[in-house]
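Data first, discussion second: the structure below is written as structure tokens.
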Amino acid sequence: MTVMTTPVLVWLRRDLRLDDSHAIAAALEAGAPLAFLYVLDPAMKTRGVGHAQLGFIVEGLNDLQARLAERGGGLIVRRGDTVQQLLDVARELGAQRVFANRDEEPTAGMIERAAEEALRGLGAELVVVDDEVNVPHELVLTKEGNPCRTYSAYARSVRRVLAELPSPPHDYDLQGRLLAAPAPEIPSVEMLVGRPVTLRSDVPGGETHALARLRSWRDEGYLAGYAKDRDLVAEPDATSRLSGYLRQGMLSPRRALHVADRADAPKYASELLWRDWFKYVLHHHPDLAERCIDPRYDRIEWFGLDEHFEAWTRGETGFAMVDAAMRQLTETGSVANRARMVAASFLVKDLHIDWRRGEQWFRRHLTDGDLASNAGSWQWVAGTGLDAAPYFRVFNPDLQEQRFDPTGAYAARWAPDRPLRIVEHAIERDRTLAAYKAVATDLADPS
Ligand SMILES: Cc1cc2nc3c(=O)[nH]c(=O)nc-3n(C[C@H](O)[C@H](O)[C@H](O)COP(=O)(O)OP(=O)(O)OC[C@H]3O[C@@H](n4cnc5c(N)ncnc54)[C@H](O)[C@@H]3O)c2cc1C
């Protein structure tokens, strides 16, 4: 690869977009042409990236390649060990500076540190900037200056910071600023995993689709109806279905919040901030997926049966909303929040199975599978996390179905058969309350 001017390299990770990227904005200040690299690292699998998510990433890379080409640039895609590929490309380009958006997940942090050291050995510098949330974590504190321990304190602090230091989406012009690169061979998901893939996301990956969905969902009136309709699980447009895009950074969190605020949609804005909150929780509790934040609950005895776990994964529990959610998950990688809560609560509180097993299953199958949001939500449902649901909140799957799938359309679409019920809810609820109280005798009684 020969280049006329030494470029700077933008190392893309979970920020597969051109719009409002702090790494791109920082790289542009260097004044040199920008080259873009993405590494498809086989180790992604061990980080919980399943087939639905991988397919979504591949679609996103194809989209990004086209967007870069439209602006006179290109995308370099490599396969292999991330640090080695990054070094190779930096060396080939003669890049002295590499820009990246921070990825807060613990494994990503380790890769980042290894990359920094390896690049230093090459005489190059890695510049990492905050981008993943609306307000950098260290700025979010209670009025007393402590880390927030509840979502509402977090959201209030974020709003205080944004009132003083607004963080609108960046607008920059990339035309004439990009290093041309030949269109890469982007392997298909089948090539990457070495076999046919049936699990496919029902939303197409890529920044172009993310921006189009954000606008059309707002313009067609769904954003206005969100606060009222968001729990109607049979209605695919009741929620924005942007989480996969946010997870891969195909959509900027600032762009999404900006749209919500301008449309005066506080409920939607607050849900976007739940995403940021869980990243904040992960920042303060890097072992979020491994340990209960409230350590008392790590003593709970999870006495559930393996065969019940298997039935849950297959959507064969006999509880329609649980089964519909689980089958939708394995077929499409997407499930609405309400149905996720019901299925998760059922695993933990009706089947007595450790939330960590459910967390891993979800993360591997969800298109938006995200360590922070997923582990944070599982701990919320299990009642073991920060500001979590109280331990005695046990969803009644039948009542949930009556309220949120009143016509039965969701169950009919995904789980039309009715297998025999594997447990009886009322009995299991009592066993759960007893198990939680056994490890934390000072728990308040349900009021
Ligand atoms: C057990 C369980 C596991 C979950 N796992 C994940 C996960 O791996 N990845 C993930 O992105 N979300 C997860 N969530 C949160 C939530 O279910 C999804 O973000 C939401 O269903 C995505 O659909 P949407 O984009 O249509 O959301 P909308 O309702 O349109 O919300 C807009 C955006 O706000 C964010 N958001 C909304 N609700 C939540 C929430 N409760 N927690 C965190 N962020 C939220 C998402 O980024 C979402 O795209 C989980 C929830 C539960 C109960």
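Observations, loosely collected:
- When T317, T313, T332 are screened for being assigned by TED's automatic domain parsing to the domain that holds N396, of a type in the set (S, T, N, Q) and at pLDDT below 95, only T332 passes.
- Test result for A269, closer than 30 Å to E70 by Cα, of a type in the set (A, V, I, L, M), in the same structural domain as Y154 (by TED's automatic domain parsing) and outside any loop (DSSP other than H, G, I, E, B): no
Matching residues to (1) polar (S, T, N, Q); (2) farther than 29 Å from A32 by Cβ; (3) buried (at least 16 other Cβ atoms within 10 Å of the Cβ):
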| residue | (1), (2), (3) |
| --- | --- |
| V128 | no, no, yes |
| C148 | no, yes, yes |
| P169 | no, no, no |
| D173 | no, no, no |
| A183 | no, no, no |
| E190 | no, yes, no |
| G205 | no, yes, yes |
| L211 | no, no, yes |
| E220 | no, yes, no |
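- Only residues that are in contact with a helix residue (DSSP H, G or I) (Cβ under 7 Å, 6 or more places away or on another chain) and near the ligand (Cβ under 9 Å from one of its atoms) were counted across segment 224-235, and they come to 1.
- Evaluation of Q328 against (1) in a helix (DSSP H, G or I); (2) more than 9 Å from the ligand (Cβ to nearest atom); (3) farther than 23 Å from Q248 by Cβ (one fails), failing number: (3)
- Listing of helices (runs of 4 or more DSSP H) fully contained in segment 83-201 that carry 3 or more residues being without any contact (Cβ under 8 Å) to a residue 40 or more places away in the chain: 106-121, 151-164
A quick yes/no check of all residues on (1) away from the ligand (no atom under 15 Å from the Cβ); (2) at pLDDT below 95; (3) part of a helix (DSSP H, G or I):
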| residue | (1), (2), (3) |
| --- | --- |
| V281 | no, no, yes |
| E301 | yes, yes, no |
| E307 | yes, no, yes |
| V322 | no, no, yes |
| R340 | no, no, yes |
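- Selection count, segment 358-397, where residues are assigned to a loop (DSSP other than H, G, I, E, B), within 11 Å of the ligand (Cβ to nearest atom) and charged (D, E, K, R): 2
- Applying a threshold of 7 Å to beta carbon distances and a minimum spacing of six or more residues, or different chains, the list of pairs starting in segment 352-369 at a residue that is in the same structural domain as E301 (by TED's automatic domain parsing) and ending at one that is charged (D, E, K, R) and near the ligand (Cβ under 10 Å from one of its atoms) reads D368/R247; G369/R363.
- Take the conditions (1) in contact (Cβ under 8 Å) with a residue 12 or more places away in the chain; (2) more than 30 Å from Q328 (Cα to Cα); (3) part of a helix (DSSP H, G or I); L214 misses just one of them, which is (2).
- Beta carbons closer than 9 Å, at least 6 apart along the sequence or on distinct chains, pair a first residue in segment 261-281 that is in contact (Cβ under 8 Å) with a residue 12 or more places away in the chain with a second that is more than 9 Å from the ligand (Cβ to nearest atom) and among the acidic types (D, E) for A269/D261; D276/E132; W277/D387; K279/E104; K279/E132; V281/D387.
- Any hit, segment 236-253, residues being surrounded by fewer than 20 Cβ atoms within 10 Å (Cβ to Cβ) and more than 10 Å from the ligand (Cβ to nearest atom): no
The values are calculated or read from the model by the stated rules, or taken from the named source; none is laboratory data. Only a predicted model underlies this, so the values are computations on that prediction, with no experimental measurement involved. In this analysis, Cβ positions are derived from the backbone assuming ideal geometry, glycine residues included, and neighbour counts consider all displayed protein chains.
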